[in-house]
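What follows is a single structure, written as structure tokens, with notes after it.
None of the figures in this text is laboratory data; all of them are computed from the coordinates on show. This structure is a prediction, so every number in the text was calculated from the model and none was measured. Heads up, the Cβs are rebuilt from the backbone with ideal geometry, glycines too, and the neighbour counts pull from every protein chain shown.
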Amino acid sequence: MRRLLDAILAALLLLAAAPAFACDAPATVCPARGVLALIDRGRPAGLLTDPGDDAGVLRAAANVRADLARVGGGAPGAPAIIAGTIGRNPLIDRLIREGRLDVSGVVGQWEAYAWQVVDRPAPGIARALVIAGADRRGTIFGLYDLSQAAGVSAWTWWADVPVAHRARLFVTAGQRIERPRVRYRGIFINDEDPALLGWTRRTFGGFNHAFYEHVFDLILRSRGNLLWPAMWGKSFFEDDPENARLASEMGVIIGTSHHEPLMRAHVDWEHHGQGLWDYTQNEERLRAFWREGLERTQGQERIVTIGMRGDGDRPMTEGTATSLLERIVSDQRRIIEQVTHRPAAETPQVWALYKEV
């Protein structure tokens, strides 16, 4: 039975590593033919970005260069890929102004991107695959789309999915536009203790930014954008201040779990709270505690959990508490408005309502 399971796992990993080629589709990667060489005799095409683009875009571009080098096995050749965010890359913006790059289906679309093969996009470049993102994550997803198409799985680091060598890969002519159907997509690291905890401590020393860098990379390579971080006795924002900074740099939205209102980890109350976790007896201190959670995450992309659960995710009351929850939610939304100086409806929120309602 163990050999059978190992064989099944090996087959699944090979399937995950195998890119899906569609040589008749526009602007796609094909091993047999195309108008642009992505990898030629083991040498991948060079990838151009602009230093003024978003830091997450530049990081993703560096990863894709390394990915293509793993697939081809050789050093990069002449530039034949141009990637950037509309409004942040002067070369891409010029191609748009000249009517040579069509982004009508991309501009203003959340996390959308276009692949388009363009002739003579810049002096010295006869032809290039242009990857243009509507926003920074659109560009990041467009870049990682290229890695996946070349055969690099999002799970290569986490699950040892092999990267197959390919001496030649091409890009077909035309344009392709992609955009997400669901606005927020991500991972919740739930009940991570003890299974994930021990490995994380041995490998990284805890749930720090060295660990989360790999989690963020997996999310982005999987076209996700959101993380609810580890929660049992963990504080994403306080255990390692670099966690939040790195999430912001890489382009990952952070939320807090179902019983952690207004960007405060549950363990934060153990460290800083005063009195009972009980809104009927300690509402003033709880409001101040929640306000600090919003204030320290100002300027970061976030989804704010609202509502309240009892201490340690236990019931808040023995019976129903609809009116109490209504008051809590109303007060929390007022805090959101006071901190952001905008209507509460302009801040993405998750309602976490329980049996007390």
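Per DSSP H run of n ≥ 4, the term is -39500 (n - 2.57); total these for the chain, divide by its residue number, and report the mean residue ellipticity at 222 nm rounded to 500 deg cm²/dmol.
Roughly -12000 deg cm²/dmol at 222 nm, from the helical runs in the chain.
What angle, in degrees between 0 and 90 and rounded to the nearest 10, separates the Cα long axis of helix 279-296 from the longest principal axis of the Cα atoms of the chain?
Compared with the principal axis, the helix lies near 30 degrees.
Within the chain, what's the longest stretch lacking trypsin sites (Lys or Arg not before Pro) that sit in DSSP loops with no more than 11 other Cβ atoms inside 10 Å?
Value returned for the longest uninterrupted segment is 184-354.
What angle do you read, to the nearest 10 degrees and between 0 and 90, between the alpha-carbon axis of helix 55-72 and the longest principal axis of the chain?
Its long axis makes an angle of about 50 degrees.
Where Lys and Arg each count +1 and Asp and Glu each count -1, what net charge lies around residue 110 among other residues with Cβ under 13 Å from its Cβ? Write out the running numbers ahead of the final one.
On the way: positive: 136, 137, 179, 181, 183, 185, 223; negative: 111, 135, 178, 301.
For residues surrounding residue 110, the net value is +3.
Based on the Cα gyration tensor of segment 230-270, what are the three equivalent ellipsoid semi-axes, each the root of five times an eigenvalue, rounded to whole Å and given largest first?
18, 11, 7
Charges on Cβ only, +1 for Lys and Arg, -1 for Asp and Glu, centred on the Cα centroid of the chain; of 282, 197, 132, which one is farthest towards the dipole's positive end?
132
Tell me, what does the Kirkwood hydrodynamic radius of the chain come to in angstroms if you use every pair of distinct C-alpha atoms? Write out the running numbers ahead of the final one.
Details: mean 1/r = 0.0444 Å⁻¹.
Computed over Cα pairs of the chain, the Kirkwood hydrodynamic radius comes out at 22.5 Å.
Let me know the Rg and Dmax you get for segment 2-177 when you use only its Cα atoms, in Å.
Rg and Dmax of segment 2-177, Cα atoms, are 16.4, 61 Å.
Which whole-Hz ³J(HN,Hα) couplings does segment 199-204 yield from phi under the Karplus relation 6.51 cos²θ - 1.76 cosθ + 1.60, θ = phi - 60°, glycine and proline marked x?
Whole-Hz 3J(HN,Hα) from phi for segment 199-204: 5, 5, 5, 5, 8, 10.
Which angle from 0 to 90°, rounded to the nearest 10, does the C-alpha axis of helix 209-221 make with the longest principal axis of the chain?
60
If you wrap a convex hull around the Cα atoms of segment 248-357, how much volume per residue is inside, in Å³?
Spelled out: Cα convex hull of segment 248-357, divided by residues, is 99 Å³.
If you average over every viewing direction, what projected area does the convex hull of the Cα atoms of segment 295-350 give, in nm²?
Seen from a random direction, the Cα hull of segment 295-350 projects 4.5 nm² on average.
On alpha-carbon atoms, Rg over Rh for segment 182-319 using Kirkwood Rh?
0.97
Just to be sure I understand the model, the point goes 7 Å from the Cα along the line to the Cβ. What's the resulting residue 318 to residue 295 distance in nm?
My value for the distance between the label points is 3.8 nm.
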